[in-house]
Amino acid sequence: MILDELYEVIMDRKINPKKESYTSQLLYHEKGINAILEKIGEECVELILAVKDGNKREIIYEASDLIYHMLVLFVKLDIKLEEIWEELERRRR
């Protein structure tokens with residue numbers, strides 16, 4: 001699944017940071033976790049505006065940005081995707 005693959009790439013950037021990598025820059029930003037949280041807030045607003053405008057292509061683009069930044073947050077906080085899936089499964093019951 002693409003989310004698992006992307007999560008692994010982000011995890012690799014945490015373990016092996018690359019100076020030119022946007023993901024590494026987010027994970028090791030001088031503002032710490034606030035840099036990631038600011039991006040998540042920005043992407044939420046952009047998604048909301050895309051939905052208000054009814055632009056399907058823009059909604060998909062902004063939702064993808066939001067999901068990516070959420071994955072960066074999960075890696076930063078050592079939250080595994082399996083933990084998210086388990087919680088969603090628990091809620092389904």
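The values are calculated or read from the model by the stated rules, or taken from the named source; none is laboratory data. Computed from a prediction, not measured in an experiment: that's the story for all the values here. Note: ideal-geometry Cβ built from the backbone for every residue, glycine included; neighbour counts use all protein chains shown. What goes into the accessible areas is simple: the full protein's heavy atoms, side chains included, and nothing from ligands, DNA or RNA. Shrake-Rupley method; radii C 1.70, N 1.55, O 1.52, S 1.80 Å.
Observations on the model:
- Solvent exposure ordering (accessible area, 1.4 Å, most first) of Tyr7, Tyr28, Tyr22: Tyr28, Tyr22, Tyr7
- Environment charge at Ile60 (Cβ cut-off 14 Å; Lys +1, Arg +1, Asp -1, Glu -1): -4
- For Met1, Met70, the ranking by accessible surface with the largest value first comes to Met1, Met70, using a 1.4 Å probe.
- Close Lys pairs in the chain (alpha-carbon distance under 27 Å; sequence gap of 8 or more, or different chains): 19.
- Across the accessible surface of the chain, with the other protein chains kept in place and a 1.4 Å probe, carbon and sulfur atoms take up 58 percent.
- Rounded, prolate or oblate (a/c below 1.5 giving rounded, otherwise prolate when a/b exceeds b/c) for the range 42-93 by Cα gyration tensor: oblate
- Couplings for the range 48-59, taken from phi via the Karplus curve 6.51 cos²θ - 1.76 cosθ + 1.60 with θ = phi - 60°, read 4, 5, 5, 5, 4, 7, x, 8, 4, 4, 5, 4 Hz in order; Gly and Pro are left as x.
- Multiplying the residue separation of Tyr61 and Glu86 by 0.36 nm and subtracting their alpha-carbon distance yields 6.3 nm.
- Among Lys14, Lys76, Lys52, residue whose mean-square fluctuation peaks in a GNM of the chain (springs only between Cα atoms under 10 Å): Lys52
- Residue-averaged [θ]222 nm for the chain, counting only DSSP H segments that reach four residues, each worth -39500 (n - 2.57): -26000 deg cm²/dmol
- Take every pair of alpha-carbon atoms less than 8 Å apart whose residues are at least six positions apart; their mean separation over the length of the chain yields a relative contact order of 31 percent.
- Using the 1.4 Å probe convention, the accessible area of the range 9-93 works out to 70 Å² per residue with neighbouring protein chains retained.
- If you sort the three axes of the alpha carbon gyration tensor as a ≥ b ≥ c, you get a/c of 1.5 or more for the range 1-52 and a/b no higher than b/c, which makes it oblate.
- Gyration tensor verdict on the range 29-70 (Cα atoms; rounded if a/c is under 1.5, prolate if a/b is larger than b/c, oblate otherwise): prolate
- Backbone N within the range 6-25 under 14 Å of label point (7 Å from Glu38 Cα along the Cβ vector): 25
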